[in-house]
Amino acid sequence: MAAHIRSVAESGISAVTKGELYEQIRPGDLLFCSGRETISRAIEDATASPWSHVLMLWIAGPWCRQWLTLEATFSKGVHVGVLADYVDHYDGDLVVANRPALSPEMIRAEVDCGLSLLDDSYDWQQEVSIVARKLIKSLPLIEPKKELYCSGLQYAMSLVTPYPLQRSSANYPTPEDNWTDTTVIPVCALVKSA
């Protein structure tokens, strides 16, 4: 299980090069991002975590050699991206984690679920609700309406398996909640902040 960490650089997670990262990943792995941009820092501060974003890694099939991502971002909603964009251009640290409890069939089911949600809007209201409820516990929860953000998407995709990611409250989970789930195991870190 991945335990809470203060920073990637101080975590003790095995640091790797870009090439080594590609050698160690497998379909269904989660990529946790610890960014340096203002929005990333705001999310990290609000959740008391180094994580501002999380996404799933996958390959479309034997004809595709490029690692892809399934993620939800503010600008694109739920979409397919390219892992190289993060490895080569992300301004922050990246950590790969896997979920050994998931079989290849369960991972395919998660990917299929994520693909069925393509183009769903990014739910900024739900994200604001999470932050507000952490500050003032009595505020009402804004129920998601098929609109997702990064860790909420990973949670929704995991519901198709016998091992859904846990959440710590009535809200959809934060990236930190995904990270500390009992089925998530850190694999390696691409540390750019050192």
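Within the range 60-103, being in a loop (DSSP other than H, G, I, E, B), at pLDDT below 95 and of a type in the set (A, V, I, L, M) holds for one residue alone: A60.
Conditions tested, residue by residue: (1) out of contact with any His (no Cβ under 9 Å at 6 or more places or on another chain); (2) at pLDDT 85 or above; (3) within 21 Å of S52 (Cβ to Cβ); (4) in a loop (DSSP other than H, G, I, E, B).
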| site | (1), (2), (3), (4) |
| --- | --- |
| I130 | yes, no, yes, no |
| S138 | yes, no, no, yes |
| G152 | yes, yes, yes, no |
| S169 | yes, no, yes, yes |
| T183 | yes, yes, no, yes |
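Count of the range 103-121 residues, restricted to those that are under 25 Å from M1 (Cβ atoms) and open to solvent by 10 Å² or more (accessible area, probe 1.4 Å), is 9. Of everything in the range 20-59 that is modelled with pLDDT of 95 or more and assigned to a helix (DSSP H, G or I), the residue that is surrounded by the most Cβ atoms within 10 Å (Cβ to Cβ) is L21. Any residue at all in the range 44-52 that's under 20 Å from Q154 (Cα atoms), out of contact with any Leu (no Cβ under 8 Å at 6 or more places or on another chain) and β-branched (V, I, T)? Yes; the residues of the range 44-52 include at least one that is under 20 Å from Q154 (Cα atoms), out of contact with any Leu (no Cβ under 8 Å at 6 or more places or on another chain) and β-branched (V, I, T).
The values are calculated or read from the model by the stated rules, or taken from the named source; none is laboratory data. Not measured: the values here are computed from a predicted model. Here Cβ is always computed from backbone atoms with ideal geometry, including for glycine, and neighbour counts include all displayed protein chains. SASA here: full protein model, heavy atoms, side chains in, ligands and nucleic acids out. Shrake-Rupley method; radii C 1.70, N 1.55, O 1.52, S 1.80 Å.
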